[in-house]
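Asks: I'd like to ask some things about the structure below.
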Amino acid sequence: MALALTVAFGASASSQTLAQVKARGALVCGVNEGLPGFSYMGESGAWSGFDVDFCRALAAAIFGDPNKVKLVPLSADARFQALKDGKIDVLSRNSTWTMGRETEYGLTFVGVTYYDGQGFMVPRAMRVTSALDLDGARVCVQSGTTTIDNLADFFTANHMNLQEVVTSSTDESIKNYDAGVCSVLTSDLSQLYALRLRLAKPRENVILPDVISKEPLGPVVRQNDLQWIEIVRWVHYAMINAEELGVSSRTIGQALRSQKPEVMRLVGTTGDFGREIGLTNGWAANVIRAVGNYGEVFDRNLGARSPLAIPRGLNQLWTSGGIQYAPPIR
Ligand SMILES: N[C@@H](CCC(=O)N[C@@H](CS)C(=O)NCC(=O)O)C(=O)O
């Protein structure tokens, strides 16, 4: 009896998220409280950003409508517990994939949407050119992050003296840095580009060339729902495959008439891939039409056509010298 109950519970727990999302009529997606380029509420009250667009892509895959999503802003300290507790369906918040985060909270990172690394920003006037010159510096850093752990590791490994100024929000870190409470700000490099835009005088600050860690950022879900893991994982891979195949929001009409087998499987004119993960076969076409392929989302929010102007770098497709690589849909 006890065994039967366990099995029954296991079966329902393993496919409940999609059913709950559909019944609710909206996806609940955890995002950053305010990081330009990734997750940011503009003056009009509309949210935008790379991580927000991933939430919208999921909503488009599930409902055919990118707006059926409720965004829940979360601090670095609160994010993983919120996901574990079922307060959100998915976390899309510049979160680094680490072993400890999966094992400690029972979570799964489904892929890497952005390959990042940790860096340092200093006032230009400090005339520092390397992170190895930061011995004794006061460094602003945020709690609940891999950043704070890497910072300690880097200073220890290089026998340097560290004075941390720890806060629990970016707003406080920026204020402290701008006011000179610390002379160095550290975070993921992509975030340094974003945060620099929020300083009183962005141009008077430089980002040092050192990259002191690997920060593979990606969406996170609970470990106990395989169907949901597959959905979130394959939405990400569909967006990368779409870019590789030249299918974009502008060319989706043509792609739906294409006779190329790979394109047909992606947009669902052949095969049954959408239905196999609990969606419709137009799931990926809906994502591409509403939100775009990976490259479009990158360019719009972070790349050349955005205020951040971050080079694609490691996040180029593998066919263009980067490491973004998606398994095939077949
Ligand atoms: N990728 C790192 C750092 C993520 C992180 O939370 N960074 C801070 C510093 S930029 C942040 O996004 N803060 C925004 C906020 O809390 O409002 C991690 O997963 O721990």
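Asks: Considering only the range 74-112, how many residues are farther than 20 Å from T170 by Cα, open to solvent by 10 Å² or more (accessible area, probe 1.4 Å) and part of a loop (DSSP other than H, G, I, E, B)?
Replies: Narrowing the range 74-112 to residues farther than 20 Å from T170 by Cα: 83-90, 97-112.
Next cut, open to solvent by 10 Å² or more (accessible area, probe 1.4 Å) only: 84-87, 97-106, 108, 112.
Retained after the next criterion (residues that are part of a loop (DSSP other than H, G, I, E, B)): 85-87, 97-98, 106, 112.
The total comes to 7.
Asks: May I ask you to list the residues in the range 86-102 that are without any contact (Cβ under 8 Å) to a residue 12 or more places away in the chain and within 12 Å of the ligand (Cβ to nearest atom)? Before you say what the answer is, go through the steps one by one.
Replies: We begin by selecting, within the range 86-102, every residue without any contact (Cβ under 8 Å) to a residue 12 or more places away in the chain; these are 99-100.
Across the range 86-102, the qualifying residue is only G100.
Asks: Another question, then. Looking only at residues in the range 32-73 that are acidic (D, E) and either open to solvent by 20 Å² or more (accessible area, probe 1.4 Å) or within 12 Å of the ligand (Cβ to nearest atom) (or both), which one is nearest to N281 (Cα to Cα)?
Replies: First, the residues of the range 32-73 that are acidic (D, E): 33, 43, 51, 53, 65.
Next cut, either open to solvent by 20 Å² or more (accessible area, probe 1.4 Å) or within 12 Å of the ligand (Cβ to nearest atom) (or both) only: 33, 43, 51, 65.
Working: E33: 34, E43: 37, D51: 24, D65: 15 Å.
Result: D65.
Asks: Next question, about the same structure. Being open to solvent by 30 Å² or more (accessible area, probe 1.4 Å) and touching a Lys or Arg at 6+ places or on another chain (Cβ under 9 Å) is the filter here, so list the residues in the range 211-223 that pass it.
Replies: Hit for the range 211-223 is R222, nothing else.
Asks: Filter the range 125-143 down to the residues that are among the hydroxyl-bearing types (S, T, Y) and either over 26 Å from the mean Cα position of the chain (by Cα) or at pLDDT below 95 (or both) and list them by number.
Replies: Filtering the range 125-143 for residues among the hydroxyl-bearing types (S, T, Y) gives 129-130, 143.
Residues satisfying the conditions are T129, S130.
Asks: Just to check your reading of the model, which residue among T147, T186, T170 is touching a Lys or Arg at 6+ places or on another chain (Cβ under 9 Å) and within 13 Å of the ligand (Cβ to nearest atom)?
Replies: On the way: T147 fails: touching a Lys or Arg at 6+ places or on another chain (Cβ under 9 Å); T186 fails: touching a Lys or Arg at 6+ places or on another chain (Cβ under 9 Å).
Testing whether each residue is touching a Lys or Arg at 6+ places or on another chain (Cβ under 9 Å) and within 13 Å of the ligand (Cβ to nearest atom) leaves just T170.
Asks: Could you tell me which residue of the range 74-85 is nearest to V267 (Cα to Cα), considering only residues that are away from the ligand (no atom under 11 Å from the Cβ) and not polar (S, T, N, Q)? Even if it seems obvious, please write down each step before you answer.
Replies: Looking only at the range 74-85, we keep the residues that are away from the ligand (no atom under 11 Å from the Cβ), and these are 81-85.
Applying the additional criterion that residues be not polar (S, T, N, Q) yields 82-85.
On the way: A82: 34, L83: 31, K84: 33, D85: 35 Å.
Checking each candidate, the answer is L83.
Asks: Have a look at T146, T170, T156 and point out the one that is at pLDDT below 95 and among the polar types (S, T, N, Q). Steps first, please.
Replies: Numbers: T146 fails: at pLDDT below 95; T156 fails: at pLDDT below 95.
The conditions single out T170.
Asks: Further question: Does the range 252-264 contain at least one residue that is touching a Lys or Arg at 6+ places or on another chain (Cβ under 6 Å), in a helix (DSSP H, G or I), among the β-branched types (V, I, T) and over 30 Å from F154 (Cα atoms)? I'd like the intermediate steps shown before the answer.
Replies: Of all residues in the range 252-264, those touching a Lys or Arg at 6+ places or on another chain (Cβ under 6 Å) come to 252.
If we keep only those that are in a helix (DSSP H, G or I) as well, we get 252.
Okay, now just the ones that are also among the β-branched types (V, I, T), so 252.
When the remaining residues are screened for being over 30 Å from F154 (Cα atoms), the result is 252.
Taking every residue of the range 252-264 in turn, at least one turns out to be touching a Lys or Arg at 6+ places or on another chain (Cβ under 6 Å), in a helix (DSSP H, G or I), among the β-branched types (V, I, T) and over 30 Å from F154 (Cα atoms).
Asks: Any chance you could count how many residues in the range 115-139 are closer than 18 Å to P209 by Cα and either part of a loop (DSSP other than H, G, I, E, B) or touching a Ser or Thr at 6+ places or on another chain (Cβ under 6 Å) (or both)?
Replies: Applying the first criterion (closer than 18 Å to P209 by Cα) to the range 115-139 yields 115-135, 137, 139.
If we keep only those that are either part of a loop (DSSP other than H, G, I, E, B) or touching a Ser or Thr at 6+ places or on another chain (Cβ under 6 Å) (or both) too, we end up with 116-118, 120, 127-130, 134-135, 137, 139.
Result for the range 115-139: 12.
Asks: Do we find a residue being open to solvent by 10 Å² or more (accessible area, probe 1.4 Å), without any contact (Cβ under 8 Å) to a residue 24 or more places away in the chain, farther than 15 Å from L91 by Cα and not in a helix (DSSP H, G or I) anywhere in the range 224-245?
Replies: Yes; the residues of the range 224-245 include at least one that is open to solvent by 10 Å² or more (accessible area, probe 1.4 Å), without any contact (Cβ under 8 Å) to a residue 24 or more places away in the chain, farther than 15 Å from L91 by Cα and not in a helix (DSSP H, G or I).
Asks: Quick test for you: out of V141, V165, pick the one residue that is within 16 Å of the ligand (Cβ to nearest atom), more than 29 Å from R312 (Cβ to Cβ), in contact with a helix residue (DSSP H, G or I) (Cβ under 6 Å, 6 or more places away or on another chain) and not hydroxyl-bearing (S, T, Y).
Replies: V165
The values are calculated or read from the model by the stated rules, or taken from the named source; none is laboratory data. This is a predicted model, so every value here is computed, not measured. Reconstructed Cβ throughout: ideal geometry from the backbone, glycine too, with neighbour counts over all protein chains shown. Heads up: the accessible areas ignore ligands, DNA and RNA and are worked out on the full protein's heavy atoms, side chains in. Shrake-Rupley method; radii C 1.70, N 1.55, O 1.52, S 1.80 Å.
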